[in-house]
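Before any comments, here is the structure.
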Amino acid sequence: MSVAGLPLHPFFTPRDLPETLDLLAGRAARGEKTVLLAGGTDWFVERHVAPPETAGTLPLVVDVSRLDGLGGISLDGHTLDGDEPGGDTLHADTLRIGGAVTYLELRRDARVAARCPLLAAMARDVGALQIQARGTLAGNLASGSPAADGVSALAALDATLLLRSVRGARRVPLAGFYTGYRKSVLAPDELIEAVEIALPPAGAPYVWRKVGTRQAQAISKVALAGVAVVEDGRCTRLGLGMASVAPTVAFLPATRALGLSRPLAGIAPGEIEATVLADVSPIDDIRSTAAYRRHVAVALVTGFCEELKRR
Amino acid sequence: MSVTLTVNGSLLTLEAPPASRLLDVLRERLGLTGTKEGCGEGECGACTILLDGVPVNSCLVALGQCAGREVTTVEGLGDAQHLTPLQEAMVTEGGAQCGICTPGMLLSAEALLREKPAPTDGEIREAIAGNVCRCTGYQRIVNAITEGARRREVRP
């Protein structure tokens with residue numbers, strides 16, 4: 001039992017969400033660090049590569065992986081009567097996913113598959129089955145890696161995060177969540193309770209492309225998530241999220257603005273290339289080079305735009 | 001602090017630090033050394049076990065997260081005298097080479113066959129995508145799982 005002093009970490013399993021929030025509030029007030037542990041797919045890896053910590057400064061590990069208040073997937077909407085056209089089908093606009101819902105739950109959920117296939121595709125690709133079975137959206141968001149597949153998909157969907165503390169709940173658009181590399185507006189006494197997505201209409205075109213060294217497990221060199229609503233050759237909604245091309249997951253604001261500015265047929269490939277390159281700031285690192293990432297970023301977005309033009 | 005969980009069908013109460021990796025507890029406290037440590041970072045799948053029937057990397061699970069849950073390791077499948085049809089097929093089809101990935105492969109395959117008794121090649125490959133074979137003998141492993149599925153139909 002050797003890894004970075006793991007056995008020395010104090011560990012606690014709270015009964016429910018209120019107890020978790022009380023605990024977080026008390027510890028934050030005393031300046032004590034707390035680790036909320038869900039799937040552990042980042043935290044254990046960081047312990048494995050990090051130098052051992054001394055017992056006096058070890059944070060309390062709080063297991064939230066099975067907390068009821070962080071589970072569940074729901075569609076908020078209404079069910080039409082059987083007599084109406086499309087009767088007995090759920091017409092819903094908002095998908096709510098509990099923070100500790102795993103990728104495996106996501107990809108196996110029939111509602112997610114039907115109404116948010118981008119999320120299902122990402123969940124199937126984020127890692128192999130063992131990672132899917134443990135990893136969660138809140139964990140992906142809280143870790144704040146710029147390579148995060150889940151965050152890229154949520155960026156494309158312009159998700160809203162429901163943050164909660166004993167002080168109450170607040171909703172933060174994902175676009176306003178990160179303040180820098182692995183930095184966010186999440187307060188020390190807050191947790192990510194759920195993610196909310198205003199769904200595009202069923203059948204809306206989407207893209208999920210992960211470029212890495214192998215299908216399973218690879219951390220993305222570049223990944224693109226995209227979703228659009230196209231009416232009469234023109235985007236009326238366009239969301240893009242890209243991993244591993246900036247200090248945080250990139251929203252590609254200039255590229256979105258270009259795509260929404262006029263009919264798709266009038267947008268030249270050169271314009272797309274220029275805006276994508278303005279939107280990304282990749283670096284050379286262990287997984288890839290800045291030059292390759294720029295090339296792939298342009299190719300992926302151009303490919304998605306070409307597909308949208310054919311709709 | 002004590003943690004109560006079921007390992008290979010036996011209910012156990014362990015006095016052990018709950019932040020320990022499940023992998024270390026299995027190997028060092030319970031002597032279940034069939035579960036291997038490869039990368040220790042959730043990449044290779046050598047430490048795959050079933051947690052409530054689902055394959056997970058035991059290097060990424062805290063013992064405390066297993067309270068009240070059911071853990072299955074390779075020792076919980078069959079033993080040398082009583083191999084399961086899947087284990088038998090792994091032997092006869094040459095699916096085990098150096099052997100270090102075999103326990104994890106068996107558990108990933110076991111979970112697959114419980115859900116899909118007659119998987120396609122593609123389903124098998126996806127199910128073991130998180131298990132790295134350092135001998136790169138994947139085709140024989142896929143053959144073994146196919147053959148294991150066939151034998152399970154005859155003798156579950």
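The values are calculated or read from the model by the stated rules, or taken from the named source; none is laboratory data. Nothing here was measured: the structure is a model prediction, and the numbers come from that model. For neighbour counting, all protein chains shown are included, and Cβ atoms are generated from backbone atoms with ideal geometry for every residue, glycine included. Side chains are part of the model used for accessible areas, which takes the heavy atoms of the whole protein and leaves out ligands, DNA and RNA. Shrake-Rupley method; radii C 1.70, N 1.55, O 1.52, S 1.80 Å.
Quick check: anything in the stretch B:46-69 facing chain A (nearest Cβ under 10 Å) and open to solvent by 60 Å² or more (accessible area, probe 1.4 Å)? Within the stretch B:46-69 (the criterion being facing chain A (nearest Cβ under 10 Å) and open to solvent by 60 Å² or more (accessible area, probe 1.4 Å)), the answer is yes, since at least one residue qualifies.
Checking the stated criteria, A:A218 turns out not to satisfy the condition of being of a type outside the set (V, I, T), open to solvent by less than 20 Å² (accessible area, probe 1.4 Å) and part of a strand (DSSP E or B).
In the stretch A:18-29, is there at least one residue being closer than 21 Å to A:L137 by Cβ and in contact with a Lys or Arg (Cβ under 9 Å, 6 or more places away or on another chain)? Walk me through it before giving the result.
Keep residues of the stretch A:18-29 that are closer than 21 Å to A:L137 by Cβ, which gives A:20-21, A:24.
From what's left, in contact with a Lys or Arg (Cβ under 9 Å, 6 or more places away or on another chain): A:21.
Yes: one or more hits.
Considering every residue within the stretch B:126-133, establish whether at least one is farther than 19 Å from A:G135 by Cβ and either over 15 Å from the mean Cα position of the chain (by Cα) or within 14 Å of chain A (Cβ to nearest Cβ) (or both). Scanning the stretch B:126-133, I find at least one residue that is farther than 19 Å from A:G135 by Cβ and either over 15 Å from the mean Cα position of the chain (by Cα) or within 14 Å of chain A (Cβ to nearest Cβ) (or both), so the answer is yes. Every listed requirement among (1) more than 14 Å from chain B (Cβ to nearest Cβ); (2) without any contact (Cβ under 8 Å) to a residue 12 or more places away in the chain; (3) crowded, with 23+ Cβ neighbours inside 10 Å is met by A:L154 save one, (2). The selection criterion, being over 14 Å from B:C44 (Cα atoms), at pLDDT 95 or above, of a type in the set (D, E) and in a helix (DSSP H, G or I), holds for B:E123. Taking the criterion of being within 9 Å of chain B (Cβ to nearest Cβ) and either open to solvent by 60 Å² or more (accessible area, probe 1.4 Å) or modelled with pLDDT under 95 (or both), the residues of the stretch A:11-41 that qualify are A:F12, A:T13. Here B:P117 meets each of (1) surrounded by fewer than 24 Cβ atoms within 10 Å (Cβ to Cβ); (2) touching an Asp or Glu at 6+ places or on another chain (Cβ under 9 Å); (3) under 29 Å from A:G139 (Cβ atoms) with one exception, condition (3).
Please pick out the residue among A:R311, A:R256 that is out of contact with any Ser or Thr (no Cβ under 8 Å at 6 or more places or on another chain) and closer than 19 Å to A:A153 by Cβ. Spell out how you get there, then give the answer.
Working: A:R311 fails: closer than 19 Å to A:A153 by Cβ.
On inspection, the qualifying residue turns out to be A:R256.
Looking across the stretch B:1-15, the residues that are within 13 Å of chain A (Cβ to nearest Cβ) and either of a type in the set (K, R) or touching a helix residue (DSSP H, G or I) at 6+ places or on another chain (Cβ under 6 Å) (or both) come down to B:V3, B:L5. Only one of the numbered conditions (1) away from chain A (no Cβ under 13 Å); (2) free of Cβ contacts under 8 Å to residues at least 12 places away in the same chain is violated by B:V154, and that is (2). Taking the stretch B:16-36 as the range and being more than 10 Å from every other protein chain (Cβ to nearest Cβ), free of Cβ contacts under 8 Å to residues at least 24 places away in the same chain and crowded, with 17+ Cβ neighbours inside 10 Å as the test, only B:L30 passes. Summed over the stretch B:96-121, the residues that are under 14 Å from A:L129 (Cβ atoms) and without any contact (Cβ under 8 Å) to a residue 24 or more places away in the chain give a count of 2.
All conditions in (1) outside the structural domain of A:G99 (by TED's automatic domain parsing); (2) modelled with pLDDT of 75 or more hold for A:A50, with the sole exception of (2). The residue pairs whose first member lies in the stretch A:115-127 and is crowded, with 24+ Cβ neighbours inside 10 Å, whose second member is of a type in the set (F, W, Y) and not in a helix (DSSP H, G or I), and whose beta carbons are closer than 6 Å, counting only pairs six or more residues apart or on different chains, are A:L118/A:Y206; A:L118/A:W208; A:M122/A:W208.
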